[in-house]
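Down below is the structure, laid out as structure tokens.
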Amino acid sequence: MEHDERFGHARSVTLPGPLALDGGQVLTPVTIAYETYGTLNADASNAILICHALTGDQHVASVHPVTGKPGWWVRMVGEGKPIDPARHFIVCSNVIGSCMGSSGPATAAADGNPYAMRFPVITIRDMVRAQAMLLDHLGVRTLTAVGGSMGGMQVLEWAATYPDRVKSAVIIASAARHSAQNIAFHEVGRQAIMADPKWRGGDYYESNDPPAAGLAVARMAAHITYLSEAGLTEKFGRQLQARDAVGFGFDADFQVESYLRHQGLSFVDRFDANSYLYITRAMDYFDLAEEHGGMLANAFRGSKARFCLVSFDTDWLYPTRESRSIVQALNAAGAAASFVELSSPYGHDAFLLEAPELNRVVDGFLRAGGL
Ligand SMILES: CC(=O)SCCNC(=O)CCNC(=O)[C@H](O)C(C)(C)COP(=O)(O)OP(=O)(O)OC[C@H]1O[C@@H](n2cnc3c(N)ncnc32)[C@H](O)[C@@H]1OP(=O)(O)O
Ligand SMILES: N[C@@H](CCO)C(=O)O
């Protein structure tokens, strides 16, 4: 293939749009940061779109530019992996609203200043519409969509919004709507950010002094929901830090405390507080049934896709019953659906960790679909 500026690692495109948003506003232009791996085949039939979770990004299988760590899904994507650049044309883009290069609150608005909280409220469907614009730009019409957590929500939305474009859909550790408990946890995080005096109504970009403390607390609270009680107990139990370092008191005496603080502090190095507000809000508003007259099955009636759903038995954030209700709706809509609940000690984040069973399921499903 001749060199084409559209393809390769670490790309960004600014499209004129306009992108009409669910909230009634219009985004124009729309910048989308993305990565591609592999080559689109002659009949453009091997495209796989990977949709990332809340704090993920386009660096699915390449070194993260801020943390220097490997991509967030190198266990799933790469040579010899279920999603393989030798066979597939892989696209992963940063969702709009995020902070890794796609249009979001830190982006300059028409007046040259960052949007901050003037950025329009976005939905999961808006994220997907932006991805569709990117795929049009890349010459991809039909695709397989794969994602975990919020990525799974985007996959569901792809199947509902573009029923003739999605051939196969893999939805992992996800749900078709946010529950009251999900919204409640997100609200704790948002309030932590907004209560930080450095948040300044969202106008902190010029100060170079973001609301790091608030964002760190938001991440700490959220991170607990990504784990399981058994996993936390196994990892830390009630173990204390070295007693010569920390004694009785309110410093991080327990190892689990210091672990959570570490997760919070390392998060603020790579994420923007306003983006956290916008993306958690998009997840909260997600209710696929509501978008389709109150019946989830209606969302899938026109879909030509085959679906694969995977849940984890220790995931209490998006528990197995959420996946089952999606499968029931798919069955009612006459769509082809397979479902498996996998056993893992790791809770919701199991999809990001070593999970050979998950790899086998995804590999088998993709190959059965001719990919
Ligand atoms: C699509 C997406 O979802 S992308 C976003 C996903 N990525 C993230 O969320 C990144 C942050 N999250 C994590 O690291 C998640 O825990 C996972 C699931 C992705 C990784 O899990 P694991 O590999 O089991 O890592 P673990 O949760 O044990 O965390 C390891 C870190 O905690 C630190 N740590 C472990 N114990 C302690 C302790 N007692 N005190 C302080 N720090 C500790 C380790 O030093 C390590 O630090 P480092 O990441 O800076 O190297
Ligand atoms: N831990 C992942 C999954 C959250 O759903 C993230 O931070 O995006």
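The values are calculated or read from the model by the stated rules, or taken from the named source; none is laboratory data. Keep in mind it's a predicted model, so treat the numbers as computed, not measured. All Cβ positions, glycine included, derive from the backbone under ideal geometry; neighbour counts span all protein chains shown. Ligands, DNA and RNA are stripped out before the accessible areas are found, and what is left, the full protein with its side chains, is counted by its heavy atoms. Shrake-Rupley method; radii C 1.70, N 1.55, O 1.52, S 1.80 Å.
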Accessible-area composition of segment 240-371, carbon plus sulfur, in percent [1.4 Å probe]: 52 percent
Indicate the gyration tensor shape class of segment 235-305 (rounded, prolate or oblate), computed on the Cα atoms with a ≥ b ≥ c the square roots of the eigenvalues: a/c under 1.5 is rounded; otherwise a/b larger than b/c is prolate and the rest oblate. prolate
Under a straight-distance cross-link criterion of Cα-Cα below 12 Å, which aspartates and glutamates are reachable from Lys198, leaving out those fewer than 8 residues away in the same chain? Glu206, Asp209
Between Leu232 and Arg200, what FRET efficiency comes out of the Förster formula 1/(1 + (r/R0)^6) with R0 = 35 Å and r the beta carbon distance, rounded to 0.05? 0.55
Where the only charges are on Cβ atoms (+1 Lys, Arg; -1 Asp, Glu), what is the dipole of the chain about its Cα centre, to the nearest 20 debye? 640 debye
Two-site label geometry, Ser12 and Asp136: point separation in nm, points 7 Å out along Cα→Cβ: 2.3 nm
D (Stokes-Einstein, µm²/s), Kirkwood Cα radius, the chain, 1.567 mPa s at 4 °C: 61 µm²/s
Relative to a virtual label point 7 Å from the Cα of Glu79 in the Cα→beta-carbon direction, which members of segment 11-43 show backbone nitrogen distances below 16 Å? 37-39
Heavy-atom accessible area of Leu134 with all protein chains present, probe 1.4 Å, nearest 10 Å²? 0 Å²
Within the chain, helix-based [θ] at 222 nm, where runs of 4 or more DSSP H residues each add -39,500 (n - 2.57), nearest 500: -10500 deg cm²/dmol
How large is log10 I(q)/I(0) at q = 0.21 Å⁻¹ when the Debye formula is applied to the Cα atoms of segment 1-102, each weighted equally and without solvent? -1.13
Accessible area expressed per residue, the chain, with surrounding protein chains retained (probe 1.4 Å, Å²): 42 Å²
In whole angstrom, and with the biggest value first, how far do the Cα coordinates of segment 174-254 range along each principal axis? 41, 38, 17
If you place +1 on the Cβ of every Lys and Arg, -1 on the Cβ of every Asp and Glu, and leave all else neutral, what size is the dipole of segment 184-342 about its Cα centre, to the nearest 20 Debye? 460 debye
Alpha-carbon Debye profile of segment 54-133, log10 I(q)/I(0) at 0.11 Å⁻¹: -0.37
Sites Arg367 and Ser62 - FRET efficiency at Förster radius 25 Å, r taken between beta-carbons, to 0.05: 0.50
Straight-line reach from Lys81: which aspartates and glutamates have Cα under 16 Å away, leaving out those fewer than 8 places along the same chain? Glu354, Glu357, Asp363
Subtracting the Cα-Cα distance of Arg87 and Asn331 from 0.36 nm times their residue separation yields 84.8 nm
Give me D for segment 106-251 in µm² s⁻¹, whole number, from Stokes-Einstein with Rh from the Kirkwood sum over alpha-carbon pairs, 20 °C and 1.002 mPa s. 113 µm²/s
Among 229-236, 299-306, how do they line up from the highest to the lowest mean number of other beta-carbon atoms within 10 Å? 299-306, 229-236
Tell me, rounded to the nearest percent, the portion of alpha carbon pairs in segment 242-371 spaced more than 25 Å apart. 49 percent
Answer with one residue from Gly302, Phe254, Leu353: the one whose Cα lies farthest towards the positive end of the charge dipole of the chain, charges on Cβ with Lys, Arg +1 and Asp, Glu -1. Gly302
Inter-part distance where segment 310-334 and segment 247-300 are each reduced to a Cα centre, Å: 20 Å
